[in-house]
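The values are calculated or read from the model by the stated rules, or taken from the named source; none is laboratory data. Quantities reported herein were computed from a predicted structural model and do not represent experimental measurements. Here the Cβ positions follow ideal geometry from the backbone for every residue, glycine too, while neighbour counts run over all protein chains shown. Remember, those area values only see protein heavy atoms, side chains included, never the ligands or the DNA or RNA. Shrake-Rupley method; radii C 1.70, N 1.55, O 1.52, S 1.80 Å.
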Amino acid sequence: VQLQASGGGLVQAGGSLRLSCSASAWTYSRYAIAWFRQGPGKEREFVASSGWNGATMYAASVRDRFTISRDNAKNAVHLQMDNLKFEDTAVYYCAAAKRQFVAVAGAAVEFGTWGQGTLVTVSS
C-alpha cells in the first residue's frame with residue numbers, strides 16, 4: 001500500500017486549495033482513505049475520511065468548508081478546502097485504513113499506511 005499526497009501550497013485566508021492522495025487501484029477500491037493534519041506545535045488531528053464505499057466523515061472544525069471525494073478515474077481521494085483559515089496551516093497527510101472495506105474511520109490508530117505529507121500554509 002503506497003500513498004502519494006500532493007497539492008499543498010501557500011494561500012491567503014479565505015482562499016481554496018485542493019489536495020490529492022493517489023493510491024494504487026487495489027488500495028483505492030478496498031480501503032478507507034483519510035486526511036489528517038499536524039500544525040506547528042500541535043498534535044496530529046483527523047480532518048476527513050472517505051470509506052471504501054464513499055461514505056464520508058469530517059472533523060467539526062472543517063465540516064462546512066472542506067469536501068472529501070473519490071476520483072475513480074485517477075484512483076485518488078481529493079480534499080477540497082475552501083474558505084481557508086490561518087489555523088488550517090499544517091502538514092496534511094493522507095492515510096489508508098488498516099482493514100479493508102471500512103466505511104467510516106476517523107481515529108489515527110485505524111490507519112496503517114501514511115503518505116509523505118504536503119504543507120498547507122494559510123497567510124492571514
Check your understanding: What is the number of the single condition among (1) modelled with pLDDT of 95 or more; (2) in contact with a Lys or Arg (Cβ under 9 Å, 6 or more places away or on another chain) that residue 101 does not meet?
Key -> (1)
Practice item. Mind listing just one residue for me: the one in segment 19-46 that is of a type in the set (D, E, K, R) and not in a strand (DSSP E or B) and, of those, surrounded by the fewest Cβ atoms within 10 Å (Cβ to Cβ)? Key: 43
Review point. When segment 86-99 is examined, which residues are found to be in contact with a strand residue (DSSP E or B) (Cβ under 6 Å, 6 or more places away or on another chain) and either part of a strand (DSSP E or B) or not aromatic (Phe, Trp, Tyr) (or both)?
Key: 88, 89, 90, 91, 92, 93, 94, 95, 96, 97, 98
Review point. What is the residue count in segment 54-81 for residues that are exposed (fewer than 14 other Cβ atoms within 10 Å of the Cβ), closer than 14 Å to residue 31 by Cβ and either of a type in the set (Asp, Glu) or in contact with a strand residue (DSSP E or B) (Cβ under 7 Å, 6 or more places away or on another chain) (or both)?
Key: 1
Check your understanding: Quick check, is residue 58 in contact (Cβ under 8 Å) with a residue 12 or more places away in the chain and of a type in the set (Phe, Trp, Tyr)?
Key -> no
Exercise for review: Being at pLDDT 95 or above, under 17 Å from residue 118 (Cα atoms) and under 14 Å from the mean Cα position of the chain (by Cα) narrows it down to one of 77, 62, so name that one.
Suggested key: 77
Study note, to complete from the structure: When (1) more than 28 Å from residue 11 (Cα to Cα); (2) open to solvent by 40 Å² or more (accessible area, probe 1.4 Å); (3) in a loop (DSSP other than H, G, I, E, B); (4) not polar (S, T, N, Q) are applied to residue 105, the one that fails is (2)
